[in-house]
Every structure is written in structure tokens, then in C-alpha cells.
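This report refers to the structure that appears directly beneath it.
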Amino acid sequence: MGFFDGLRGANAADFDSGNASTNAIELTRRHQTVSLTKQGASTGNLRVNLTWRMRTSDFDTTQRTSLFRHPFKALRPPEVLGHGQSMVNVDLDLGCLYELTDGTKGVVQPLGNYLGDVNGPPYIKLSGDDRFGSASGETMYVNLDHRDAIKRLLVFVYIYDQTPAFDRTHAIVTLYPSNGPRIEIGLDERHPQARSCAVVMIENIKGELVVRREVKFVYGFQGELDRLYGWGLQWGRGYKTKAER
């Protein structure tokens, strides 16, 4: 249990191209934006997926000290545990702040059970809350057939209480458009005290849907992201009920 923000009430870029070998676009500091409209992916459902895994090297101090006796171990890639029972203390949540063209603002997130609606406003639907880091992670759908009703969407990730910080996890948010390559945003920067991260902004700019990498870590929760991007919602503390397997 811990203190969390829960909603009380809602009321010239460089464009990257897909990697031929992976059929993916990786948004980086150097290549921050991509146009869904220009790649013919501004219709249908845009799937947004969050997955994560633990960096075991942060915990294996024995392995670090043994490098003096076995220097060639340094050449091996860092071991990473997959999703499993040993990782149940990890709880990253996927959310989305939305602003529609009619002025409606709000949030879609597991906390408070604000799961949205894909066929009606806000045209965003969260599939559920993954408490245990399953292989499928958490998934959100955005109905781009109603793109004219969408002004801007801020996809964010926050880390639930009593879990390792972002520097202990390897997280990735992947966008799967209806057409063209998938879009990947990695959260690999080390911010030990950060509790939330604004990952990507999707904006309707004069009829063109543009995806822009943000990757801005903050030390608070949704309310701090709100202030950073000027959403103007009312926030309060929220909690999750005990999860059952």
C-alpha cells in the first residue's frame, strides 16, 4: 500500500523510417518523431503495449566481485530474468492522459479502474491491470477511426509502491499501428528515485497524427505529469486492492 495519485474528477521534426530487419521504428533522442498519417496508419486500432523485466545484475553482487578473478565474464551480456514468480514485486502500470477536440480531458489507467472505452469517448481502452509482469504485459487500444475527436494523448508509465525503481527494470512501450512498422520506445535511462515517466505524445496536428518520444521521468505521480504538460485535472490519493492470482 502507498500514496498514489488517483483521479477524483475529469473534466520542424525529424521523421524516422522502419528498420528493414526488425520491421520496427525505434524512437530515440536523435529520432524523436514519426507520422502515423504519412505511413498510412491513421485508422483502425492503435495497440499500445508495455512490457518489462528485471535487471538481475543490479542484485547479483557476487557476480560483480568475481569479475576480478574471471575478467572474461564482463564480455557476456547482462543476464535478465524473464517474467515469473520471483518478479511479483514489480508492478509497472500503463496509463494515458487524453484531451479531445471538444475540450474533454481525463485519464485512462488501472488505478481507480478508469479503463476507458474504445467505441465511445475517449476512444481509448485499457485491457486490464497486469500486477505480475506477464509476458503480454499491459495493453491499451486507441480507436483512430475517431482521430478527428482526438487532440492529444500522453502515454505514461508509473511504478507502483514497494517495487524496485525504474533503474532496476528494463521497460519498453511498443505501438502497433494498423499499417507499417511497430514503434518502440525504451525506458533504459537510470533514474533511481523516479516514480513516473511520460513516454510518448500522440498529437493531431492539423489533421496529421504525429507520435513524439518524450521519456521524461518525474519523482511524483500522475499529478506531476499533469502539471508538467498542463492538463489541469484534479488529483487525489489512490490505492490498489490486494491482487489475487
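The values are calculated or read from the model by the stated rules, or taken from the named source; none is laboratory data. Since we're looking at a predicted model, the values are computed, not measured. Methodologically, a virtual Cβ is constructed for each residue, glycine included, from the backbone with ideal geometry; neighbour enumeration extends over all protein chains shown. Accessible surface is based on the protein model in full, side chains and every heavy atom, while ligands, DNA and RNA are left aside. Shrake-Rupley method; radii C 1.70, N 1.55, O 1.52, S 1.80 Å.
Each label was represented as a point 7 Å from its Cα along the Cα-to-Cβ direction; for residue 102 and residue 193 these points are 4.3 nm apart.
With both labels modelled 7 Å from their Cα along Cα-to-Cβ, the residue 117 to residue 178 distance reads 2.0 nm.
Accessible surface ranking for 205, 25, 1.4 angstrom probe, highest first: 205, 25.
Surface listing: 152, 190, 212 arranged by accessible area from highest to lowest gives 190, 212, 152, probe 1.4 Å.
If you take every residue apart from residue 203 with its C-beta less than 12 Å away from the C-beta of residue 203, what net charge results, scoring Lys and Arg +1 and Asp and Glu -1?
Working: positive: 147, 151, 152, 206, 212; negative: 99, 208, 214.
Local charge sum for residue 203: +2.
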